[in-house]
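Quick note: the coordinates plus some simple rules give every number you see, no bench work behind them. In this text, all values refer to a predicted model and were calculated from it rather than measured experimentally. For neighbour counting, all protein chains shown are included, and Cβ atoms are generated from backbone atoms with ideal geometry for every residue, glycine included.
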Amino acid sequence: EAQVTQNPRYLITVTGKKLTVTCSQNMNHEYMSWYRQDPGLGLRQIYYSMNVEVTDKGDVPEGYKVSRKEKRNFPLILESPSPNQTSLYFCASRGHHSYEQYFGPGTRLTVT
Amino acid sequence: TQLLEQSPQFLSIQEGENLTVYCNSSSVFSSLQWYRQEPGEGPVLLVTVVTGGEVKKLKRLTFQFGDARKDSSLHITAAQPGDTGLYLCAGARQAGTALIFGKGTTLSVSS
């Protein structure tokens, strides 16, 4: 089954404690991205990757890091989380010449 | 600057009613997509429209792309409680580039 998986689905952490949210897709997609979704603000892109070892900032990259060492994986790293990073996070993937984007199930992060 | 404006933001209707959700922009897009998102889940793609004036139907849902490729609409006929959810439109300037999302329309259909 074609899918995008994220882990963990729920995470409560404290300010400053480094965390990683994993994302994996099994569709051999070149393009992967991370979004955060907040009430009243909609979906905002954090980072994206056009292919292995190629990443770039989206609209709201501050406080986040990503890496793309393998085509299927695109982890999101919060080196020093802060309460304003409390949000619902989605990973998504798409073929290089495709419009259709597939989303993961989401990770609800709470930073206290 | 919000490049894609969706309206209405919220919509609460009775089962059996018809409704239309709009997605407008001053920019031209090579494609527009509609997604539906249920609470606790990721957005799921409903349709992609790429040709100006294009109309696509998905059961009781009708999607239209404006002639100038700057706007789109989603019409639901005889809404059902199962249609409840957040409807998002998203535009791409060209295939493979970043999608720009509207803020969404929250639809509630009561029986």
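A few remarks follow.
- For the stretch A:22-33, 3J(HN,Hα) per residue [Karplus equation, 6.51 cos²θ - 1.76 cosθ + 1.60, θ = phi - 60°, Hz, x = Gly/Pro]: 8, 9, 9, 10, 10, 10, 6, 6, 7, 9, 10, 8
- Cross-link pairs A:Lys69/B:Lys70; A:Lys69/B:Lys57; A:Lys65/B:Lys70; A:Lys17/A:Lys57 - those with Cα-Cα distance over 31 Å: A:Lys69/B:Lys70; A:Lys69/B:Lys57; A:Lys65/B:Lys70
- Per-residue HN-Hα couplings for the stretch B:71-87 [Karplus 6.51, -1.76, 1.60; θ = phi - 60°; Hz; x = Gly/Pro]: 8, 8, 9, 10, 10, 10, 9, 6, 4, 10, x, x, 7, 4, x, 9, 9
- Summarising the amide proton neighbourhood of A:Gly58: residues at separation of 5 or more, or on other chains, whose placed amide H is nearer than 5 Å comprise A:Tyr47, A:Tyr48.
- Neighbourhood charge, 12 Å Cβ-Cβ cut-off, centred on A:Tyr102 and excluding it, Lys, Arg +1 and Asp, Glu -1: -1
- Total charge dipole magnitude, the protein assembly as shown, about the Cα centre, Cβ charges on Lys, Arg, Asp, Glu only, Debye to nearest 20: 420
- Charge dipole of the stretch B:10-102 about the Cα centre (unit charges at C-beta), most positive-ward option of B:Leu58, B:Thr48, B:Gln37: B:Thr48
- Centroid-to-centroid separation of the stretch A:1-46 and the stretch A:82-105 [C-alpha atoms, Å]: 6
- Within the same chain, aspartates and glutamates fewer than 8 places from A:Lys18 are excluded, and of the rest, those with a Cα less than 14 Å from its Cα are A:Glu79.
- Scaled radius of gyration (Cα, divided by 2.2 N^0.38 Å) that the protein assembly as shown gives: 1.02
- For chain B, relative contact order (Cα pairs under 8 Å, six or more residues apart, normalised by length) works out to 37 percent.
- Cα point-scatterer Debye curve for chain A, base-10 log of I(q)/I(0) at q = 0.15, 0.22 Å⁻¹: -0.57, -1.23
- Share of pairwise Cα separations in chain B, more than 23 Å, in percent: 22
- Rounded to the nearest 5, the antiparallel percentage of DSSP beta bridges internal to the protein assembly as shown is 90%.
- Net dipole in debye of the stretch A:4-112 [+1 Lys, Arg Cβ; -1 Asp, Glu Cβ; about Cα centre; nearest 20]: 280
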